[in-house]
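The block underneath contains the structure these notes are about, expressed in structure tokens.
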């Protein structure tokens, strides 16, 4: 393996925001969708997408240099395996990363406070409630990796007749996937009323209940928190757990799907999400010691802590 020079290492970090913004431009213009049937010229694309041809070509050439799109002949572009992902769920993520999240990250300082409120005048969740299109983009973005999370949930030991409450469950796709694999289970998707969803698509064994997990949660046998707690600081995350514990029947299980950071400076993708969480939500990623402390403060006893899957029971 070729060693990366110190200069190249710094350059990759320095130019990162440019790649993020370029991906967002391509996603918002829906370039990948426009190229679904094969190569097209920049002139043709720009006319359809209402974009400046020169700017569009420069964006696509930069992305193509990284394997996102390909230039098959001068000024003619086509999709690659990477750009096809923008058509299959990664577009909303690119929109957020290169839009409001980029603005918040650019304002991040060393104060320890979320920078999103400084840029947008309110916290991210209140801003989402006021911007339905962005709420929809967020709900679709967090579906990424759903298949792997469903598989991890489905592989756990199940009695077979439990009621599973997906706390902060968004559009319910995770819980629907679990119920498809375990026909005896019933589900409740619990989230804010403005959550983008198709309640008819939840099926007969699953229902949507609106509310705030800082106030109450429905009764159930198993509670799932999928990529929720990392969006909050320890104080708020403890309150979420305390709310669940206060409404959970004796013997209820808690399943947390979140990253567990390795000790030391070992490379892990969530170290960058840790900084994003600080900028946007005031949240944080956690290592095993921090997870144990958080669960204990919220009234739960850890059973198993693995990267991506944490099990606990009511204490």
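Kindly check whether there is at least one residue in segment 42-51 that is buried (at least 21 other Cβ atoms within 10 Å of the Cβ) and under 28 Å from residue 146 (Cβ atoms).
Checked segment 42-51: no residue is buried (at least 21 other Cβ atoms within 10 Å of the Cβ) and under 28 Å from residue 146 (Cβ atoms).
For segment 204-225, name all the residues that are farther than 17 Å from residue 160 by Cβ and either touching a residue at least 24 places away in the same chain (Cβ under 8 Å) or outside the structural domain of residue 150 (by TED's automatic domain parsing) (or both).
208, 213, 214, 215, 216, 217, 218, 219, 223, 225
Any idea which of (1) touching a residue at least 40 places away in the same chain (Cβ under 8 Å); (2) within 27 Å of residue 312 (Cα to Cα) is the one residue 128 doesn't satisfy?
(2)
Taking segment 284-308 on its own, how many of its residues are in contact (Cβ under 8 Å) with a residue 60 or more places away in the chain and surrounded by 18 or more Cβ atoms within 10 Å (Cβ to Cβ)?
Qualifying residue count for the region: 2.
Being at pLDDT below 95 and surrounded by fewer than 20 Cβ atoms within 10 Å (Cβ to Cβ) narrows it down to one residue among 236, 246, 267; which is it?
267
Looking for something touching a strand residue (DSSP E or B) at 6+ places or on another chain (Cβ under 6 Å), over 13 Å from residue 282 (Cβ atoms) and crowded, with 16+ Cβ neighbours inside 10 Å - is there at least one such residue anywhere in segment 119-134?
Checking segment 119-134: not a single residue is touching a strand residue (DSSP E or B) at 6+ places or on another chain (Cβ under 6 Å), over 13 Å from residue 282 (Cβ atoms) and crowded, with 16+ Cβ neighbours inside 10 Å.
Residues in segment 183-215 that are assigned to a strand (DSSP E or B), within 21 Å of the chain's Cα centre (by Cα) and buried (at least 18 other Cβ atoms within 10 Å of the Cβ): how many?
Within segment 183-215, residues that are assigned to a strand (DSSP E or B), within 21 Å of the chain's Cα centre (by Cα) and buried (at least 18 other Cβ atoms within 10 Å of the Cβ) number 5.
Report, by residue number, each residue of segment 13-32 that is surrounded by fewer than 14 Cβ atoms within 10 Å (Cβ to Cβ) and either at pLDDT below 95 or part of a helix (DSSP H, G or I) (or both). If you could, list the steps in order and put the result at the bottom.
Taking segment 13-32 and keeping what is surrounded by fewer than 14 Cβ atoms within 10 Å (Cβ to Cβ), we get 13-16, 18.
Scanning segment 13-32 gives 13, 14, 16, 18.
From the residues in segment 67-91 that are in a helix (DSSP H, G or I) and out of contact with any helix residue (DSSP H, G or I) (no Cβ under 6 Å at 6 or more places or on another chain), which one is farthest from residue 21 (Cα to Cα)?
Looking at residues that are in a helix (DSSP H, G or I) and out of contact with any helix residue (DSSP H, G or I) (no Cβ under 6 Å at 6 or more places or on another chain), I get 81.
I'm told residue 180 meets every condition in (1) within 24 Å of the chain's Cα centre (by Cα); (2) over 25 Å from residue 136 (Cβ atoms) except one. Can you identify the failing condition by its number?
With (1) within 24 Å of the chain's Cα centre (by Cα); (2) over 25 Å from residue 136 (Cβ atoms) applied to residue 180, the lone miss is (2).
Only one of 64, 154, 94, 137 is touching a helix residue (DSSP H, G or I) at 6+ places or on another chain (Cβ under 7 Å) and surrounded by fewer than 20 Cβ atoms within 10 Å (Cβ to Cβ); which?
154
I want to confirm something. Restricting to segment 225-241 and keeping residues that are in a helix (DSSP H, G or I) and in contact with a helix residue (DSSP H, G or I) (Cβ under 8 Å, 6 or more places away or on another chain), which single residue is nearest to residue 314 (Cα to Cα)?
For segment 225-241, the residue satisfying everything is 241.
Quick one: residue 72 ticks every box in (1) under 26 Å from residue 194 (Cα atoms); (2) touching a residue at least 12 places away in the same chain (Cβ under 8 Å) except a single one, so which number is it?
(1)
The values are calculated or read from the model by the stated rules, or taken from the named source; none is laboratory data. Nothing here was measured: the structure is a model prediction, and the numbers come from that model. Here the Cβ is made from the backbone with ideal geometry for all residues, glycine too, and neighbour counts use every protein chain on show.
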